[in-house]
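S.K.: I'd like to ask some things about the structure below.
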Amino acid sequence: MKLTAGMGENGGGVRPPRDRTNMTRRTGESWRPPIFSPPGKRPLVSALRRFLDLQAGSIWRDLAGQLPLIRGNVLDVGCGAQPYRELLGPDASYRGIDIAAAKANFGYEVPDTTYYEGDTWPVADQSIDFVLCTETMEHVPDPRKLLAEAARCLKPGGWIMLTTPFSARWHYIPHDYWRYTPSSLALLLREAGFNVPEVYARGNAVTVACYKSMALLLPFLMPQGRAAPVTLALRLISILLIPFLVFFAVIGNLSLIGRGGDDCLGYTAMAIRPGSAGSERAA
């Protein structure tokens, strides 16, 4: 980046580089993965999505070990298409909430979802047994308010489970604000009054390498915003790329087995609201 000397007395003597793009002026993405489908619709397509989308697949793996055990009132915050709802068992009562701008900002408008304005959730105090919040905190300008609301709504002894991306591209531009580390997640959860924060990595450096390699190939398979001849050419090229895409998907999914690494796709965090009632996980 080359800075050019400026003429202003108080501007530090520099000008923005002319050969670079000011990213704060971006209002959209050149390519965006398809949005999720609501649960129960096209299960084979959903399974293929989890195989090719390592972020979604890694989240599914973590939630599949927890959600079937949950009993009581479950609140899915920033639920989008409610893609993980089907993992809940018969003893769970599900409710999904999302912001009123979910359709405008993220493309989601799903029946059986409560849409709300502002920072306060339309949920009674201490009425929830389990809060689920997947890939939402990076889109919240003030994550402390979100966690404070979770603490308010949870019963004593209730749990929160959230996921956040780490090695992920800037997405849903401009509504993508943060990337979290285990240290920041534990700090925010403790500040909100939660006890026993646990944070787990999803994947490792191999997973990230596969994920990034697949991100280079997918726009050829699913071109967006191109003229018809260009779209056709890209899809013809994609036929040659399919074996590479499958290879990276297989290796990436295998790399999710294990403890995870310092460089990973993202993190899954769990914490308990202090209290005497129901101190067991998934109680």
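The values are calculated or read from the model by the stated rules, or taken from the named source; none is laboratory data. These numbers were taken from a predicted model, which means no experiment stands behind them. Note that we place each Cβ from the backbone using ideal geometry, even for glycine, and neighbour counts take in every protein chain shown.
S.K.: I'm checking my understanding of the structure. Among residues of segment 148-160 that are among the aliphatic types (A, V, I, L, M) and out of contact with any Cys (no Cβ under 9 Å at 6 or more places or on another chain), which one is surrounded by the most Cβ atoms within 10 Å (Cβ to Cβ)?
M.R.: Filtering segment 148-160 for residues among the aliphatic types (A, V, I, L, M) gives 148, 150-151, 154, 160.
Applying the additional criterion that residues be out of contact with any Cys (no Cβ under 9 Å at 6 or more places or on another chain) yields 148, 151, 154.
Working: Ala148: 16, Ala151: 20, Leu154: 28.
Checking each candidate, the answer is Leu154.
S.K.: May I ask you to verify whether Val246 is assigned to a helix (DSSP H, G or I) and closer than 14 Å to Ser58 by Cβ?
M.R.: On the way: assigned to a helix (DSSP H, G or I): yes; closer than 14 Å to Ser58 by Cβ: no.
Here the answer is no, as Val246 does not meet what is asked.
S.K.: Of everything in segment 1-50 that's among the aliphatic types (A, V, I, L, M), at pLDDT 90 or above and surrounded by 11 or more Cβ atoms within 10 Å (Cβ to Cβ), which residue is nearest to Leu245 (Cα to Cα)? Even if it seems obvious, please write down each step before you answer.
M.R.: First pass over segment 1-50, keeping only residues among the aliphatic types (A, V, I, L, M): 1, 3, 5, 7, 14, 23, 35, 44-45, 47-48.
Then keep just the ones that are at pLDDT 90 or above; that gives 23, 47-48.
Filter once more, so that each one left must be surrounded by 11 or more Cβ atoms within 10 Å (Cβ to Cβ): 47-48.
Numbers: Ala47: 16, Leu48: 13 Å.
Across segment 1-50, the extreme among qualifying residues is Leu48.
S.K.: If I go through segment 224-256 residue by residue, how many of them are over 22 Å from the mean Cα position of the chain (by Cα) and free of Cβ contacts under 8 Å to residues at least 24 places away in the same chain?
M.R.: Within segment 224-256, residues that are over 22 Å from the mean Cα position of the chain (by Cα) and free of Cβ contacts under 8 Å to residues at least 24 places away in the same chain number 19.
S.K.: Given the conditions (1) modelled with pLDDT of 90 or more; (2) of a type in the set (Asp, Glu); (3) in a loop (DSSP other than H, G, I, E, B), which single one is not true for Asp62?
M.R.: (3)
S.K.: Can you name the residue in segment 194-227 that is assigned to a loop (DSSP other than H, G, I, E, B) and of a type outside the set (A, V, I, L, M) and is also nearest to Ser58 (Cα to Cα) among such residues? Full working, then the answer.
M.R.: Kept after step one, since they are assigned to a loop (DSSP other than H, G, I, E, B), are these residues of segment 194-227: 194, 203-204, 222-227.
Checking which are of a type outside the set (A, V, I, L, M) leaves us with 194, 203-204, 223-226.
Numbers: Phe194: 25, Gly203: 8, Asn204: 11, Pro223: 25, Gln224: 26, Gly225: 29, Arg226: 31 Å.
Top of the filtered list is Gly203.
S.K.: Does Met161 fit the bill of being under 16 Å from the mean Cα position of the chain (by Cα) and within 12 Å of Arg273 (Cα to Cα)?
M.R.: On the way: under 16 Å from the mean Cα position of the chain (by Cα): yes; within 12 Å of Arg273 (Cα to Cα): yes.
For Met161, the condition - under 16 Å from the mean Cα position of the chain (by Cα) and within 12 Å of Arg273 (Cα to Cα) - is met.
Matching residues to (1) in a helix (DSSP H, G or I); (2) closer than 10 Å to Val77 by Cβ:
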| position | (1), (2) |
| --- | --- |
| Pro122 | no, no |
| Asp125 | no, no |
| Val131 | no, yes |
| Pro141 | no, no |
| Leu146 | yes, yes |
| Ala151 | yes, no |
| Gly158 | no, no |
| Ser167 | no, no |
| Ile173 | no, no |
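S.K.: Right, here's the next one. Please work out which one of (1) exposed (fewer than 15 other Cβ atoms within 10 Å of the Cβ); (2) touching a residue at least 24 places away in the same chain (Cβ under 8 Å); (3) in a loop (DSSP other than H, G, I, E, B) is the condition Pro90 fails and give its number.
M.R.: (2)
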